[in-house]
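Participant: Could you have a look at this structure, given as structure tokens, before my questions?
Here, each number is a calculation from the coordinates, and none is a lab measurement. Values in this document were obtained by computation on a predicted structure and should not be read as measured data. Neighbour counts are summed over all protein chains in view; Cβ atoms, including those assigned to glycine, are modelled from backbone coordinates with ideal geometry.
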Amino acid sequence: MTTCVFVQLRCKPGTTYKVAEDIVLREIHSELFSTSGEYDLLMKLYIPKDADVGKFINEKLLTIDGIERSLTTLTFNAF
């Protein structure tokens, strides 16, 4: 089983495409979108059920250079 989470990322100016490329190379996401508004990228990922969500995101995602801020939304049920 896995936990589905959505992560919004704010990138340093001029780094959004580089951040997106680095995420793609890590192969940790299900979907990745560029967005308008307060955040630059929105990604959907599935985290193994036995993994600590915060630690997984900190170690696998937030080590990418250019990420300024993140907002993670945990999900419960899909309808």
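Participant: When the dipole is taken about the Cα centre of the chain, and only Lys, Arg (+1) and Asp, Glu (-1) are charged at their Cβ, what size is it in debye, to the nearest 20?
Facilitator: 100 debye
Participant: While we're looking at this one, here's another question. Using the 10 angstrom Cβ neighbour count as an exposure proxy, how do 33, 76 rank, fewest first?
Facilitator: On the way: 33 12, 76 6.
In order of increasing Cβ crowding within 10 Å: 76, 33.
Participant: When we measure straight from the Cα of residue 44, which aspartates and glutamates land under 14 angstrom away, once same-chain ones fewer than 8 places off are left out?
Facilitator: Residue 44 reaches 27, 31.
Participant: Starting from 0.36 nm per residue, how many nanometres of slack lie between residue 27 and residue 79 once their C-alpha separation is accounted for?
Facilitator: Going from the current span to full extension adds 16.1 nm.
Participant: Another one. To the nearest 500 deg cm²/dmol, what mean residue ellipticity at 222 nm is calculated for the chain from DSSP H runs of n ≥ 4 alone, each contributing -39,500 (n - 2.57), summed and divided by the residues?
Facilitator: The helix contribution divided over the chain gives -7000 deg cm²/dmol.
Participant: With label points built 7 Å along Cα→Cβ from the Cα atoms of residue 34 and residue 65, find their separation and express it in nm.
Facilitator: 2.1 nm
Participant: Which ³J(HN,Hα) values, rounded to whole Hz and listed in residue order, are derived for region 15-27 from phi using the Karplus coefficients 6.51, -1.76 and 1.60 in 6.51 cos²θ - 1.76 cosθ + 1.60 with θ = phi - 60°, glycine and proline given as x?
Facilitator: 10, 4, 5, 5, 4, 4, 4, 5, 5, 4, 5, 7, 6
Participant: Of all GluC sites (Glu not before Pro) in region 1-64, which ones are in loop regions per DSSP and have a Cβ with at most 12 other Cβ atoms within 10 Å?
Facilitator: Sparse-neighbourhood loop GluC sites (Glu not before Pro): 27, 38.
Participant: Going by how many other beta carbons lie within 10 Å of each one, how would you line up 22, 40, 65, fewest first?
Facilitator: 65, 22, 40
Participant: Now for a different question. What ³J(HN,Hα) values, in whole Hz, does the Karplus curve 6.51 cos²θ - 1.76 cosθ + 1.60 give for region 46-54 when θ = phi - 60°, with x put for Gly and Pro?
Facilitator: Result, rounded to whole Hz: 10, 9, x, 4, 8, 8, 6, 4, x.
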